[in-house]
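Below: the structure, in structure tokens.
We did not get these values from a lab; they are worked out from the coordinates using the rules stated. No experiment lies behind these values; they were computed from the predicted model shown. Using ideal geometry, Cβ is built from the backbone for each residue, glycine included, and neighbour counts are taken over all protein chains shown.
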Amino acid sequence: MKERNNAFLVLASVVAALGGLLFGFDTAVISGTTPFIQPYFHLNDVGLGWTVSSLLIGCIVGVAISGKPGDRFGRRNTLRAAALAFFISAAGSALAERLAVFIAFRFFGGIAVGTASMLSPMYISEIAPGERRGALVSLNQLAIVIGILIAFFSNYLLAGTGADNWRWMLSVMGLPALFFFGSLLFVPESPRWLVQKHKTDEALSVLARINGMEKARSELAEIERSLAKEEIGTYREVFSREIRPLLTIGMLLAIFQQMTGINSIMYYAPIIFQKMGNGTSSALMQTVAVGAVNLTFTIVSLRLIDRWGRKPLLIIGAVGMVVSLAVIAGAFFMEHFEGYLILVFILIFIASFAVSIGPVAWVVIAEIFPNRLRSKAMSVAILTLWTFTFIVSLTFPVILDRLGGGAAFALFGVMCLLLLFYVIFRLPETKGKSLEELETILLRKE
Ligand code: BGC
């Protein structure tokens, strides 16, 4: 019996995590297409910058607008809409003949990414029992990393397919998008959302499938108690004095996650590798090395997050990132790139991110907020995350150009140091508790 429940829970979480896979793919696929879309659409550097960022702007919009349908129509149903949007964006951008059409479909895809980046972790956190929530929500990060890896690989394989290669690269996403849509037909709604909608019997049956009837009844009572006050909360409450400390945690983790420089380093790595000289610069090698390390250490994190807790992982990861960024910055200051040293430290950086703030930011953002405010409060935190993804991606090339790699990586290093202090001195531990227990503990303590 236990086995079956386990399978049901894991399956539902994996289905939701497919949203993460499409998120990862969609954000990464563009990097392989730029050498081809730039001449095709006659883009200068600024034009290319905006074409690439159109997805990120869509993400910001997606997060801003998906909270409402998530509350109104349900997490699962809104994810279904996102799955369709992923498909439409893949087909539309792959077939685009004009720049405006291309940008519009990428922007539309961004709305899907933004929606999935919020609702996939939300759905999983609302369906998972407290003692396994960290690992299950981390499946979403695992899927993001796998999505990035698929994009790199398929770009690599498709690069030689002629003038339409970029179209093939973008269309690859269509199939998993349809699969995501189809598999969402077989998972239940989030029990916490069902209670919000007074569909108590349905909620009870979902909870019973996960944990057995006895536990389900007590969980249901807890959820009902936490939702007893009123229906769904307002943005005003999200920014109220009571909730503000929690919002600060969510926003800071979002900012720190992006200010580690993960995306700059991941996408800039090939250039750094090139500086190291021949033999180490093959596209495949970079993909395999960065991707494999990212994947492996996300799995390590997933196995430890509910046992050790969120804080120890963050501390270990922050230390690893500070050290590796210091070495990378030092190499830039001294213009010393020979040997495998830099490669090793880039990989240490990726591993440190993957074991810590990569998954943990999403997990904590999905679990700290009270049931009635989760959707709105998460949207504020995740909006912050995408805004900083956007800011870093836009400013990194400028900082690199004006101040050099040393300053850029040193800045990221300082941010990781601040993260370390923040985690040690301010962040509460959230492992093992049910969402309702956390609600009581966090709101009382703060
Ligand atoms: C971050 C992305 C990043 C990815 C890399 C995610 O958690 O939000 O910005 O590209 O991890 O693994």
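Points to keep in mind about this one:
- Once both labels are positioned 7 Å from their Cα atoms along Cα-to-Cβ, the gap between Trp50 and Val398 label points is 1.5 nm.
- Cα gyration tensor category, rounded, prolate or oblate, for segment 352-396 with a/c compared to 1.5: oblate
- Computed from label points 7 Å out along Cα-Cβ, the spacing between Leu84 and Val101 is 2.2 nm.
- The Cα-based radius of gyration and maximum Cα-Cα distance (Dmax) for segment 180-230 are 11.7, 36 Å.
- Working note: Cα gyration tensor of the chain, eigenvalues times five, square-rooted, sorted largest first, giving semi-axes of 36, 26, 19 Å.
- Between 0 and 90°, nearest 10: helix 435-445 axis offset from the chain longest Cα axis: 90
- Projecting label points 7 angstrom from Cα along Cα→Cβ for Val344 and Phe239 puts them 5.0 nm apart.
- For Phe36 and His198, a Förster radius of 35 Å and the Cβ-Cβ distance give a FRET efficiency of 0.10, rounded to the nearest 0.05.
- For Phe421 and Arg444, a Förster radius of 25 Å and the Cβ-Cβ distance give a FRET efficiency of 0.50, rounded to the nearest 0.05.
- Gyration tensor verdict on segment 279-363 (Cα atoms; rounded if a/c is under 1.5, prolate if a/b is larger than b/c, oblate otherwise): oblate
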